[in-house]
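The values are calculated or read from the model by the stated rules, or taken from the named source; none is laboratory data. Here the structure is a predicted model, which means the values were calculated and not measured. Because the Cβ atoms are built from the backbone with ideal geometry, glycine has one as well, and the counts that use them run over all protein chains shown.
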Amino acid sequence: MKNVAVLGTGYVGLVSGTCFAEIGNTVYCVDIDKEKIDILNSGKLPIYEPGLDALVKKNVDAGRLFFTTDFDDAVKKSDIIFICVGTPPRENGEADLSYVENAARRIAEVSTTPKIVVEKSTVPVETGARIRQVLEQYNPHNVKFSVVSNPEFLREGTAVEDFLKPDRVVIGTDDLEARRQLQELYAPLNCKILFTDIKSSEIIKHASNSFLATKISFINAVANICEKTGADIEMVAEGMGLDRRIGRNFLNAGLGYGGFCFPKDVDAFINISRKIGYDFRLLQEVQNINRERREMFVEKVGEALWILKGKKIGVLGLAFKPNTDDMRFAPSETIINYLQKQGARVRAFDPAAMARAKKVLNGIEYCDSAMEVVKDAEALLILTEWDEFKGLDLDKVKSEMKNPLIIDGRNLFDPVQMKEKGFRYVCLGRNCN
Ligand code: UDX
């Protein structure tokens, strides 16, 4: 069992730190944000992630998981240090790596025993080399540092399971001792571990996220073709997905990808490529198609309602995807802003993201339930595919609405059934007439 420090208690840091404790290690989760650490130490979580609260409590109670603002102490007590600090996008799309540099520098300054320093934040290729440079440059105690790239592949909403039952763990390092230590650390997960050099590991992360984003934009482009020809995107995706080389995952057409990772990571990969002299046109188009999904959706709303001014529009789902409260790059923000500009009266509900939504979306009426949104609505928009919405009593929905019009950005319902129930149902990439 090892002593581990995790620097940064955002999504990645908090889930990783907790799960490292769960598999038996002593973990110090560090953040400069005292408020966040106080929340964690009071037994609450600053984020919504299914299953995480119980795991945090269990490991804190077992004396294996600590939350602290004392960076130096956590680093000194640990042999393996994960850098999970933020890498927010700058205006030009490049990642801001100043938090990574600060963390590396401070590790170097306070360490008096050998440390394995692991980059887990999503970073451009060659950041590992930079971290090594910083560690060597500010090393007053002449300590041996090993650098490892170990990217995360956690999805919000299923992050705990993704960590504990991963498809693979990627460990990029040229240091044999670090490789052995990381292999031991991950051994309890009993999963495929791929060892690479640092740069390949860094690119695996970028390429994986960009590939998944490409898959989503591809199916969304095919949805456009389906719509124009009268084919059905759900059947097309099923037919494609049955080919094991393609697979059904990430072939859901809809409003495009959002969240903090895909939009940012695809931009970053385009930028990294440009910097080294490769114009990654494919990925630029992936981003364009993604942006167009939202524009196309609001056009559909306009087409269905004609005049938006003064119309009472209900919105179900605000988070960028189900099972999270995350609003970052959520399609709902762009779509609702547009509706408001056109003078529509928007009422909304989300099972988890209401508090976060209130920080970014003003001037809408927040409701306590889906049925409250439905009441007297002249149109109902579905922007996030929460299970709760799939189970709505559609007869009741119809009787409560002023005008039974549903515009579904996530293809939750069967168009034939919706027609039979008397709805005017607008969906994406399917014949809805
Ligand atoms: C993603 C990656 O999956 C994860 O490996 C990485 O570490 C972080 O980024 P996350 O952003 O939590 O995880 O969500 P994910 O479930 O991958 O969905 C990303 C976006 O794609 C969401 O907006 C989702 O609605 C959208 N999506 C996903 C589709 O539009 N269609 C699909 O078929 C799948």
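The table below gives the values:
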| item | result |
| --- | --- |
| Spans of helices (runs of 4 or more DSSP H) in region 332-433 with at least 1 residues within 16 Å of the ligand (Cβ to nearest atom) | 354-360, 387-390 |
| Inter-residue pairs, beta-carbon under 7 Å, first assigned by TED's automatic domain parsing to the domain that holds F297 and free of Cβ contacts under 8 Å to residues at least 40 places away in the same chain and in region 247-267, second basic (K, R) and surrounded by fewer than 24 Cβ atoms within 10 Å (Cβ to Cβ), 6+ apart | F250/K215; L251/K215 |
| Residue satisfying all of: in region 55-79; of a type in the set (A, V, I, L, M) and not in a helix (DSSP H, G or I); nearest to A21 (Cα to Cα) among these | L65 |
| Any hit, region 190-207, residues being within 16 Å of the ligand (Cβ to nearest atom), in contact with a helix residue (DSSP H, G or I) (Cβ under 6 Å, 6 or more places away or on another chain), not assigned by TED's automatic domain parsing to the domain that holds D79 and not hydroxyl-bearing (S, T, Y) | yes |
| Residue, surrounded by the fewest Cβ atoms within 10 Å (Cβ to Cβ), within region 281-302, restricted to residues that are more than 16 Å from the ligand (Cβ to nearest atom) and without any contact (Cβ under 8 Å) to a residue 40 or more places away in the chain | R281 |
| Residue, surrounded by the most Cβ atoms within 10 Å (Cβ to Cβ), within region 227-247, restricted to residues that are within 23 Å of Y425 (Cβ to Cβ) and among the β-branched types (V, I, T) | I233 |
| Residue within region 46-62 that is at pLDDT below 95, of a type in the set (A, V, I, L, M) and more than 30 Å from P140 (Cβ to Cβ) present | yes |
| Subset of region 402-433 that is of a type in the set (A, V, I, L, M) and in contact (Cβ under 8 Å) with a residue 60 or more places away in the chain - its residue that is surrounded by the fewest Cβ atoms within 10 Å (Cβ to Cβ) | L405 |
| Count of residues meeting criterion [touching a Cys at 6+ places or on another chain (Cβ under 7 Å) and closer than 12 Å to L45 by Cβ] in region 11-25 | 1 |
| Options D326, D279; residue that is part of a loop (DSSP other than H, G, I, E, B) and modelled with pLDDT of 95 or more | D279 |
| Any pair with Cβ under 6 angstrom, 6 or more apart, that starts in region 342-357 at a residue that is free of Cβ contacts under 8 Å to residues at least 60 places away in the same chain and ends at one that is assigned to a helix (DSSP H, G or I) | V346/I336; V346/L339; R347/V373; F349/A370; F349/V373; P351/E388 |
| Any hit, region 245-261, residues being modelled with pLDDT of 95 or more, within 12 Å of the ligand (Cβ to nearest atom), in a helix (DSSP H, G or I) and not β-branched (V, I, T) | no |
